[in-house]
Amino acid sequence: MRRDTGPMSEPIAAVIDTWHEFLRGTRPDALDELLDDDVVFHSPIVFTPQRGKAITTLYLTAATQALPGDAPTGDDAGDHPADVAMPGGSFRYTKQVLSGDTAVLEFETTIDGLYVNGVDIIRCNPDGRIVEFRVMIRPLQAVNLVHRQMAAMLESMSSSG
């Protein structure tokens with residue numbers, strides 16, 4: 001994985017370290033610490049920006065449950081850097097660029113045999129809280145699949161809660 005970073009004192013570096021801990025499952029409560037109350041979430045499947053900590057938490061939690069991807073098999077099983085992969089699935093970050101208050105994290109996964117590639121663009125404030133989280137996904141078939149997966153997960157979460 002390529003990791004370009006600015007000075008490590010930049011708040012974005014600590015934010016991304018905590019984000020990785022959340023994804024790994026070692027800090028399941030980290031979203032409360034990471035997200036600003038007025039965070040704006042830009043989803044690849046929802047036209048309007050989602051505003052606020054509660055809705056962003058809902059979307060990010062649903063994504064981590066719906067999109068870890070297929071379990072790695074064969075040669076892929078050992079290729080996932082432990083600090084950037086979700087346990088049990090094929091989701092992993094392949095590139096990471098940190099600069100100023102912004103991180104761009106490229107990811108890939110395989111869901112139901114379909115390759116999914118995308119980026120998370122994360123911006124934080126000087127206090128180290130995420131104020132903007134933008135997800136972009138390709139190809140079109142992946143967007144459609146993610147839309148179905150997220151709709152099912154959000155429905156499941158709302159009916160169980």
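Just a few scattered comments:
- Matching residues in segment 123-161 - criterion: being over 20 Å from ASP112 (Cβ atoms) and not hydrophobic (A, V, I, L, M, F, W, C): ARG123, ASN125, PRO126, ASP127, GLY128, ARG129, GLU132, ARG134, SER158, SER159, SER160, GLY161
- A count restricted to segment 5-31 and to residues that are closer than 19 Å to THR102 by Cα, surrounded by fewer than 15 Cβ atoms within 10 Å (Cβ to Cβ) and either touching a strand residue (DSSP E or B) at 6+ places or on another chain (Cβ under 7 Å) or in contact (Cβ under 8 Å) with a residue 24 or more places away in the chain (or both) stands at 3.
- In segment 120-161, the residues that are small (Gly, Ala, Ser) and part of a helix (DSSP H, G or I): ALA142, ALA151, ALA152, SER156, SER158, SER159, SER160
- Of the listed requirements (1) modelled with pLDDT under 95; (2) farther than 21 Å from GLY118 by Cβ; (3) outside any loop (DSSP other than H, G, I, E, B), SER9 misses just one: (3).
- Considering (1) modelled with pLDDT of 85 or more; (2) within 13 Å of the chain's Cα centre (by Cα); (3) assigned to a helix (DSSP H, G or I), the lone condition that GLN65 does not fulfil carries the number (1).
- Test: residue in segment 108-118 that is over 22 Å from ASP36 (Cα atoms), open to solvent by 10 Å² or more (accessible area, probe 1.4 Å) and either charged (D, E, K, R) or modelled with pLDDT under 75 (or both): yes
- When the criteria are applied in full, SER99 fails the requirement of being of a type in the set (S, T, N, Q) and at pLDDT below 85.
The values are calculated or read from the model by the stated rules, or taken from the named source; none is laboratory data. The structure displayed is predicted, hence computed values, not measured ones. Cβ atoms come from the backbone with ideal geometry, glycine included; neighbour counts cover every protein chain shown. Accessible surface areas use protein heavy atoms only, side chains included; no ligands, DNA or RNA. Shrake-Rupley method; radii C 1.70, N 1.55, O 1.52, S 1.80 Å.
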